[in-house]
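Asker: Dropping a structure here in structure tokens format, bear with me for questions.
Nothing in this text is a laboratory measurement; each read-out follows from the coordinates by a stated rule. None of the values given here were measured: they were computed from a predicted structure. Please note: Cβ atoms are built from the backbone with ideal geometry, for glycine as well, and neighbour counts cover all protein chains shown.
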Amino acid sequence: MDLTGKHIVLGLTGGIACYKSAELCRALVKEGATVQVVMTEAAERFITPVTMQALSGRPVYGSQWDAREPNNMPHINLSRAADAIVLAPCSADFIARLVQGRADELLSLMCLARPIERVPLLVAPAMNREMWAHPATQRNLAQLQADGAILLGVGSGLQACGETGDGRMLEPEELLEDLVAFFQPKPLAGRRVLVTAGPTYEAIDPVRGITNLSSGKMGFAVARAAREAGAEVTLVAGPVDLATPRGVSRVDVRSAQDMLAAVNARVEQASLFIATAAVADWRPANAADQKIKKDGSGRTPELAFAENPDILAAVAQSPRAQSGALFCVGFAAESHDLLAHAQAKRARKGVPLLVGNIGPATFGQDDNALLLVDAQGATELPRASKRELARQLISDIARRLAA
Ligand code: C5P
């Protein structure tokens, strides 16, 4: 679980988005965190402490005069125990209170009393779009961040008031993803990473094409792990039905030629290129402009193929890759003799690191096993979730980049 061992103090302030905090609390607990809920009086107008206690499994705190604490100092005890304080939702009023360092109720008092170097404060604002855009709020947000708080969001869209715009609290799953990322080490901070993922689709005619069973899951997990590690990540994705990892910029492509063009347009800025895409080796040489029709004669169409460009091999031959300014990593999906094939592929592609996996055991699955092959030999990453393997791979690559 991604938050095992983490103790989160979840603060709720007055806003309709409190209904999402119940789901967030559940999600945090499900990922292994312990959650201590603290609510303002206004928050208790929107959702009851009963709900939050049931979901967190701990009595909720709401008053600085709470006598349950032996020393009667809940603001000290709660903040010292936290790995992070997360305010979701955080109202415009509460942001103003934090900026002013107010301390006349438990939640703001606790935020002020937290050991600022050790206990991060993450703030998920939620408010009407006019309140969000108001210079006072924007000024307060800038000051809050200058004071060390981390901003989560905001989202945009239809608001409870019926207006549409910025100011929505992020969805619970988005907040969870950002929080998980927050706790990951940042060995790729300052780096730009380019990742290819998914299959390609090679048109036969306007309604038919050739593709493969790659789900894109491994590549998306690699992009997410790179972003969690602090990199600025661009993900060039073939046709897949997967959500874009938070904070990753995504470029959708269809064919191998599209993918090559998208990679070429971006690879100059990158210092790490990870090719996980299952690029089609061949494409129909002459895609028909119109749908190829059955004519009733029983004759089948003749398909001729052309070889697709090898994106990874081309990038690995570039002067930047050759000089070491760009580190290239390839993947190989094999059905047998993984080590031998991966070693041969590493040499053929001219990359320092090649990651082997067994195709039928990975396509579409949520878990996988990897074999990291370099000039020195091979290292196995035993079967685990793709998310976990992607993190291990990224931390391995980060060590190579640092060396
Ligand atoms: O040759 P093969 O397809 O097995 O090589 C796999 C590796 O090369 C993967 O990293 C894949 O993303 C990359 N590749 C590519 N362009 C191709 C074929 C493969 O970038 N046309």
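Asker: By how many degrees, between 0 and 90 and to the nearest 10, does the Cα long axis of helix 338-349 differ from the longest principal axis of the chain?
Answerer: 80
Asker: If you don't mind, another one. What is the angle, in °, between the Cα long axis of helix 135-146 and the longest principal axis of the Cα atoms in the chain? Nearest 10 is fine, range 0 to 90.
Answerer: Relative to the chain, helix 135-146 is tipped by roughly 80 degrees.
Asker: Moving on. Counting only C-alpha contacts under 8 Å and six or more residues apart, can you give the relative contact order of region 110-254 as a whole percent?
Answerer: Relative CO of region 110-254 lands at 19 percent.
Asker: About its Cα centre, what dipole magnitude does the chain give when the only charges are +1 on Lys and Arg Cβ and -1 on Asp and Glu Cβ, stated in debye to the nearest 20?
Answerer: Approximately 520 debye in magnitude.
Asker: On to the next question. How big is the convex hull of the Cα atoms of region 192-402, per residue, in Å³? Intermediate results must be reported in sequence, preceding the final value.
Answerer: Details: hull volume 27.6 nm³, N = 211.
Roughly 131 Å³ of hull volume per residue.
Asker: Another question about this same structure. Roughly what angle does helix 172-183 make with the longest principal axis of the chain, taking Cα atoms, 0 to 90 degrees, to the nearest 10?
Answerer: The two axes meet at around 90 degrees.
Asker: Cα extents of region 310-403 along the three principal axes, largest first, in whole Å?
Answerer: Dimensions of region 310-403 along the principal axes of its Cα atoms: 36, 26, 24 Å.
Asker: Dipole of the chain (Lys/Arg Cβ +1, Asp/Glu Cβ -1, origin at the Cα centre): which of 303, 133, 43 lies farthest to the positive side?
Answerer: Positive-end residue among those listed: 303.
Asker: If you take the charge dipole of the chain about its Cα centre, with +1 on Lys and Arg Cβ and -1 on Asp and Glu Cβ, which of 159, 373, 197 is farthest toward its positive end?
Answerer: 373
Asker: Only bridges with both residues in region 192-402 count here: give the DSSP antiparallel percent, nearest 5.
Answerer: Of those bridges, close to 40 percent are antiparallel.
Asker: Above 19 angstrom, tally the Cα pairs of region 7-183 and express them as a % of all pairs, no decimals.
Answerer: Result: 52 percent of Cα pairs exceed 19 Å.
Asker: Can you give me the P(r) profile for the chain? Cα pairs, bins 10 angstrom wide beginning at 0, each as a whole percent.
Answerer: Reading the bins upward from 0: 5, 20, 25, 19, 17, 10, 4, 1, 0, 0.
Asker: If you take the Cα Rg of region 71-145 and divide it by 2.2 N^0.38 Å, with N the number of residues, what do you get?
Answerer: On the way: Rg = 12.8 Å, N = 75, 2.2 N^0.38 = 11.3 Å.
My calculation over the Cα atoms of region 71-145 gives 1.13.
Asker: In addition: Could the peptides 158-167, 4-13 be put in order, highest first, of the mean number of other beta-carbon atoms found within 10 Å of their residues?
Answerer: Highest mean packing first, the order is 4-13, 158-167.
Asker: Oh, and also: Counting only C-alpha contacts under 8 Å and six or more residues apart, can you give the relative contact order of the chain as a whole percent?
Answerer: Reported as a whole number, the value is 11 percent.
Asker: Using alpha carbons only, what's the Rg to Rh ratio of region 68-114 with Rh from Kirkwood?
Answerer: 0.98
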